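Enquirer: Mind looking over this structure? Questions follow.
The values are calculated or read from the model by the stated rules, or taken from the named source; none is laboratory data. Quick caveat: nothing in here was measured; it's all calculated off a predicted structure. We place every Cβ from the backbone using ideal geometry, glycine too, and count neighbours over all the protein chains shown.
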């Protein structure tokens, strides 16, 4: 029996989730820092010699439950455990995203098809 | 390309929330008219794809990192308005749950990645692939070019938003209040790294998936999408 294209694409998403730690490990291996314009306040201090006042105030306005796709206090964990957290983050984030799209889709889409 | 909290001043943050409000409203209306219940799973796959592809940080050795957005692909498959909604959902979840992109900058980040990027990519793809057969190589090339150009323009726009901050907000002593780098630094940095590296990632990913779909599900590439 022929597999539906949506099934194949879902499998593709699952494979990407499993491979996602590549996006964490490669920057580490090649000693690449943060994305341009996404530095934390400490990096900002090193870069320009001060922390812009407004930036300092606003940067802590939101405490994300899973900051930077890692659990709270996991900053110093080895790459292996961070990769695990990365996958859990991907599963969680994509799960919430899919749920939200299905709710929006239910509200917006035409019933008759 | 996810602008964090604190890099844009209140004027810029407010401006882009106000700019996005009618776009989101209009996108909802258009999608309500055109999206069939059968397409909802594809919309969810699009949002999931955009979410996960943004987690693939690509390093510039010894420099910064960046990533593709996947938004041009979603726009080609579902139309730019549906793509706008799918990418918005991914960006909001990234900001709220993972602090990837600031909550004050959701308007700006959505304007760059969920509005300009899918729309520009969609129309470039349409222009280049105009009149071509569904299984033609021109479609694959069109997808790649659209991905490359759209990601670069979105990056340039992000650089512009960073770069105007020192002009808008300064303390009496001349220190920046928000992003400290002006246009002369922010624009070339954002454009350069995306033109050299990350734009190619978006181009290759978009082109490869279109190539795959030509074989596996050509019906998805037919005209008459949202």
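Enquirer: Out of everything in the stretch A:62-82 that is in contact (Cβ under 8 Å) with a residue 24 or more places away in the chain and within 7 Å of another protein chain (Cβ to nearest Cβ), what residue ends up being nearest to the chain's Cα centre (by Cα)?
Expert: A:69
Enquirer: Of the residues B:120, B:96, only one is over 14 Å from residue A:101 (Cα atoms) and either facing chain A (nearest Cβ under 8 Å) or in contact with a strand residue (DSSP E or B) (Cβ under 7 Å, 6 or more places away or on another chain) (or both); which?
Expert: Sole residue among the options that is over 14 Å from residue A:101 (Cα atoms) and either facing chain A (nearest Cβ under 8 Å) or in contact with a strand residue (DSSP E or B) (Cβ under 7 Å, 6 or more places away or on another chain) (or both): B:96.
Enquirer: Hand me the list of helices (runs of 4 or more DSSP H) wholly inside the stretch A:1-51 holding 2 or more residues that are closer than 30 Å to residue B:215 by Cα.
Expert: It comes to A:5-19, A:22-29.
Enquirer: When you go through B:76, B:85 one by one, which is the residue that is closer than 27 Å to residue B:140 by Cβ, more than 10 Å from every other protein chain (Cβ to nearest Cβ), buried (at least 24 other Cβ atoms within 10 Å of the Cβ) and touching a residue at least 12 places away in the same chain (Cβ under 8 Å)?
Expert: Sole residue among the options that is closer than 27 Å to residue B:140 by Cβ, more than 10 Å from every other protein chain (Cβ to nearest Cβ), buried (at least 24 other Cβ atoms within 10 Å of the Cβ) and touching a residue at least 12 places away in the same chain (Cβ under 8 Å): B:76.
Enquirer: When you look at residue A:85, is it over 26 Å from residue B:108 (Cβ atoms) and either assigned to a helix (DSSP H, G or I) or at the interface with another protein chain (Cβ under 7 Å from one of its Cβ atoms) (or both), yes or no?
Expert: yes
One line per residue, one yes/no per condition, for (1) at pLDDT 95 or above; (2) in contact with a strand residue (DSSP E or B) (Cβ under 7 Å, 6 or more places away or on another chain); (3) within 11 Å of chain A (Cβ to nearest Cβ); (4) closer than 28 Å to residue A:24 by Cβ:
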position: B:10; (1), (2), (3), (4): yes, no, yes, no
position: B:14; (1), (2), (3), (4): yes, no, no, no
position: B:18; (1), (2), (3), (4): yes, no, no, no
position: B:22; (1), (2), (3), (4): yes, no, no, no
position: B:50; (1), (2), (3), (4): yes, no, yes, yes
position: B:54; (1), (2), (3), (4): yes, no, yes, yes
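Enquirer: For the stretch B:165-187, check the following and say yes or no: at least one residue is part of a helix (DSSP H, G or I), crowded, with 20+ Cβ neighbours inside 10 Å and in contact (Cβ under 8 Å) with a residue 40 or more places away in the chain.
Expert: Taking every residue of the stretch B:165-187 in turn, at least one turns out to be part of a helix (DSSP H, G or I), crowded, with 20+ Cβ neighbours inside 10 Å and in contact (Cβ under 8 Å) with a residue 40 or more places away in the chain.
Enquirer: Looking only at the stretch A:35-61, which residues are under 21 Å from the mean Cα position of the chain (by Cα) and surrounded by 16 or more Cβ atoms within 10 Å (Cβ to Cβ)?
Expert: A:35, A:36, A:37, A:38, A:39, A:58, A:59
Enquirer: When you go through (1) surrounded by 18 or more Cβ atoms within 10 Å (Cβ to Cβ); (2) more than 7 Å from chain A (Cβ to nearest Cβ) one by one for residue B:26, which number turns out not to apply?
Expert: Residue B:26 satisfies every listed condition except (1).
Enquirer: To continue, here is another question. Take residues that are under 24 Å from residue B:199 (Cα atoms) and more than 14 Å from the chain's Cα centre (by Cα) and tell me which of the helices (runs of 4 or more DSSP H) falling wholly in the stretch B:22-121 contain 2 or more.
Expert: Counting at least 2 such residues, we get B:40-53, B:71-78, B:80-98.
Enquirer: Identify, by number, the condition in (1) surrounded by fewer than 19 Cβ atoms within 10 Å (Cβ to Cβ); (2) facing chain B (nearest Cβ under 7 Å) that residue A:94 doesn't meet.
Expert: (1)
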